[in-house]
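The values are calculated or read from the model by the stated rules, or taken from the named source; none is laboratory data. From a predicted model like this one, the values you see are computed outputs, not experimental measurements. With ideal geometry, Cβ positions are generated from the backbone for all residues, glycine too; neighbour counts draw on all protein chains shown. These accessible areas exclude ligands, DNA and RNA; they are computed on the full protein's heavy atoms, side chains included. Shrake-Rupley method; radii C 1.70, N 1.55, O 1.52, S 1.80 Å.
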Amino acid sequence: MKVIIVGGVAGGASCAARLRRLDEKAEILMVERGPYVSYANCGLPYHIGGVIEKESSLLVSSEAMLRAFFAIDVRTNCEAMRVSPDKKTVDLRNVATGEVTTESYDKLVLSPGAVTVRPPLPGIDLPGIFQVRTVPDARAIREWIERGSLFLAGMHKYSGFQTVKPKTRAVVIGGGFIGLETAENLIHRGFEVTLVEMLDQVLAPLDREMARIVESYVKRHGLRLALNDGVSGFKQAANESLEVQTKSGKVYPADIVILSLGVRPDTALAKTAGLEIGERGGIRVDEHMRTSNPDIFAVGDAIEVKDFVTGRWSLIALAGPANRQGRIAADVIAGRDSRFRGTLGTSIIGLFGAAAAWTGASEKTLIRIGDKDFEKIYLYPNSHAGYYPGARPIAMKVLFRKSDGRLLGAQALGEDGVDKRISALAMAIQMGATIYDLEESELCYAPQFGSAKDPVNFAGMIAAGVLRGDMPIRHWDEAGEGFLLDVREAFELAVEEAPGAVNIPMGQLRGRLNELPRDREILVICRSGGRAYYATRMLLQTGFKARTLSGGMLSRTHAATFWES
Ligand SMILES: Cc1cc2nc3c(=O)[nH]c(=O)nc-3n(C[C@H](O)[C@H](O)[C@H](O)COP(=O)(O)OP(=O)(O)OC[C@H]3O[C@@H](n4cnc5c(N)ncnc54)[C@H](O)[C@@H]3O)c2cc1C
């Protein structure tokens, strides 16, 4: 059996290596248009920033290693031009010489990845405007920075003999994870960075109120954000520097511009094969990664996948799914019944020592698809036991089904312990877990790592309390009347008041119940929801109608206050 694999990075290389492990006799030809196979594109922003100093560190395995270990016929600088499904052939072009050859296949796997969105804006091809997709892209950025434009290099004369080196300026366009990671790395390299984003938030998969926390954090670390503004064009300015013009009429001077406007599936080759393209613009595959042609498979950023939670088609450009899909395609080609179970879009981004991570459905996705059977909670547990040094709060939002408690999604932000909580919740969602399972889940604990009630348990306990009716909740963004009761201590009000609330500290509440109305619903608030829950329980058991405001003052204003804690 002869298998041709197009694309030699995440999905393609995993497929090739797995196939060899399953079938020693298969003839495997892997073609890659670029100069490298199996490189770590996820590390590119950190190479630009100098965290990963050597370019060679990005090359996870080499052409020579894939030949020696797996007997794969690897051809770099080799572009697959056209597929002829009736003849079962692929035309290949040697990028260096232009020579075209034709190879036949029994099975073909497409893993061509995605193409960077590059709108035809005036001046977009000017020198100094880069994208971050490949090793040569990162090299070009580093060379531009190291060589320095005239402006970057210039020591400007000042009062005769003194000189000043002006601050160098970068503009990053697009607030997705590649844009933000690159922005952070440019700040580490001493740039003054402005990030321009057309949406009214960074990190589009996050719900807006959670993105606000990220925005306030990155701003505190020196990143300037220009949200709600799209780029309209670029102009050459003096000294090789550029001007970035936006739709609102603003102009941002820049010594370097990074385009990070997102990606779309690369379907060029699939179209030559007449393969079905789905509603989101990716190659349509079944759960075995088979395209509309039974001898052609497709994996990675180029395909559409079923969203694990919503069951809808979606585009998820992530390395983990691409790797797993490559493995599954290899399994199926080798005769195994492996299936891809869909994607949750589980992601994490590190920013200035903190992390933002998410998995499953967001609130805005559920609203967009008209799903009303969900509830949300906010919580702010410590990353580990508060008495052990270094504990940091994690801002968490958890979404679950109202009708049966099934976990739907989670988002978390903080300076410690975010990754393991979202990984645990992602696994729980994939296992079809409910919030009741989270209550019961047994997780590792010692004071430096977690708490006897881990944030994951806590999320389950709070959510289960809501569904069991033990803790009716209300959200700040829900309309409705109520008597607002603030159970925080007086000194906390000096920091931040809850407008219109009556303050009775938790410790005094039992003795002052006569100050509360029995004919109105009481909305109880504290800083993060814990004391409000205790108060709500007491009020419910003494004949009052009460609800907790989920997340307390932190969820009302957490963008401004969460990171100060
Ligand atoms: C800067 C950056 C940072 C990232 N960070 C993360 C991260 O932190 N976490 C995460 O999960 N994901 C991250 N990703 C996304 C992740 O890298 C991709 O989802 C993953 O690589 C997709 O794998 P793939 O095989 O589909 O495509 P790719 O890995 O992009 O490989 C496709 C390859 O196919 C080649 N190709 C295309 N067409 C042809 C053709 N006709 N002939 C021959 N070769 C062809 C291309 O040259 C390319 O090398 C990042 C991506 C980038 C660019």
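Listed here are the residues, each with its yes/no results for (1) free of Cβ contacts under 8 Å to residues at least 60 places away in the same chain; (2) near the ligand (Cβ under 9 Å from one of its atoms); (3) under 21 Å from residue 263 (Cα atoms); (4) among the β-branched types (Val, Ile, Thr).
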| site | (1), (2), (3), (4) |
| --- | --- |
| 9 | no, yes, yes, yes |
| 25 | yes, no, no, no |
| 33 | no, yes, yes, no |
| 40 | yes, yes, yes, no |
| 45 | no, yes, yes, no |
| 51 | no, no, no, yes |
| 55 | no, no, no, no |
| 61 | yes, no, no, no |
| 67 | yes, no, no, no |
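There is at least one residue in the range 369-379 that is open to solvent by 30 Å² or more (accessible area, probe 1.4 Å) and without any contact (Cβ under 8 Å) to a residue 24 or more places away in the chain. Has the range 291-301 got any residue that is open to solvent by 20 Å² or more (accessible area, probe 1.4 Å) and within 29 Å of residue 173 (Cβ to Cβ)? Yes. Residues in the range 187-243 that are part of a loop (DSSP other than H, G, I, E, B), more than 22 Å from residue 357 (Cα to Cα) and among the aliphatic types (A, V, I, L, M): 237 alone.
Among the candidates 231, 244, 251, the residue that is of a type in the set (A, V, I, L, M), open to solvent by 60 Å² or more (accessible area, probe 1.4 Å) and farther than 30 Å from residue 325 by Cβ is uniquely 251. Here the range 88-109 is the region considered, the condition is being within 15 Å of the ligand (Cβ to nearest atom) and assigned to a loop (DSSP other than H, G, I, E, B), and the residue that is surrounded by the fewest Cβ atoms within 10 Å (Cβ to Cβ) is 98. Here the range 539-555 is the region considered, the condition is being under 19 Å from residue 515 (Cβ atoms) and in a loop (DSSP other than H, G, I, E, B), and the residue that is most open to solvent (accessible area, probe 1.4 Å) is 545.
A single entry from 421, 401 fulfils the requirement of being surrounded by fewer than 20 Cβ atoms within 10 Å (Cβ to Cβ) and within 18 Å of residue 362 (Cβ to Cβ): 401.
Hey, among the residues in the range 244-288 that are part of a strand (DSSP E or B) and free of Cβ contacts under 8 Å to residues at least 60 places away in the same chain, which one's farthest from residue 312 (Cα to Cα)?
My answer is 251.
So, in the range 508-533, exactly how many residues are open to solvent by 50 Å² or more (accessible area, probe 1.4 Å), assigned to a helix (DSSP H, G or I) and in contact (Cβ under 8 Å) with a residue 12 or more places away in the chain? Adding up the residues that qualify gives 4. For the criterion of being closer than 17 Å to residue 314 by Cβ, more than 12 Å from the ligand (Cβ to nearest atom) and in contact (Cβ under 8 Å) with a residue 24 or more places away in the chain, residue 240 fails.
Look at the range 380-398 and say how many of its residues are open to solvent by less than 10 Å² (accessible area, probe 1.4 Å), over 13 Å from residue 356 (Cα atoms) and within 21 Å of the chain's Cα centre (by Cα). Final tally of qualifying residues: 2. From the list 479, 428, 494, the one residue that fits, being in a helix (DSSP H, G or I), open to solvent by 10 Å² or more (accessible area, probe 1.4 Å) and modelled with pLDDT under 95, is 494.
Taking the criterion of being surrounded by fewer than 17 Cβ atoms within 10 Å (Cβ to Cβ) and not in a loop (DSSP other than H, G, I, E, B), the only residue of the range 334-349 that qualifies is 348. Among residues of the range 304-324 that are within 11 Å of the ligand (Cβ to nearest atom), those with a Cβ under 7 angstrom from a residue that is of a type in the set (Asp, Glu), sequence gap 6+ or separate chain, pair up as 315/304; 317/301; 322/301. Tell me which residues, restricted to the range 117-137, are open to solvent by less than 30 Å² (accessible area, probe 1.4 Å) and near the ligand (Cβ under 8 Å from one of its atoms). The answer is 132, and nothing else. Applying the criterion of being buried (at least 17 other Cβ atoms within 10 Å of the Cβ) and either among the charged types (D, E, K, R) or in contact with a Gly (Cβ under 8 Å, 6 or more places away or on another chain) (or both) to the residues of the range 265-284, the residue that is nearest to residue 181 (Cα to Cα) is 265.
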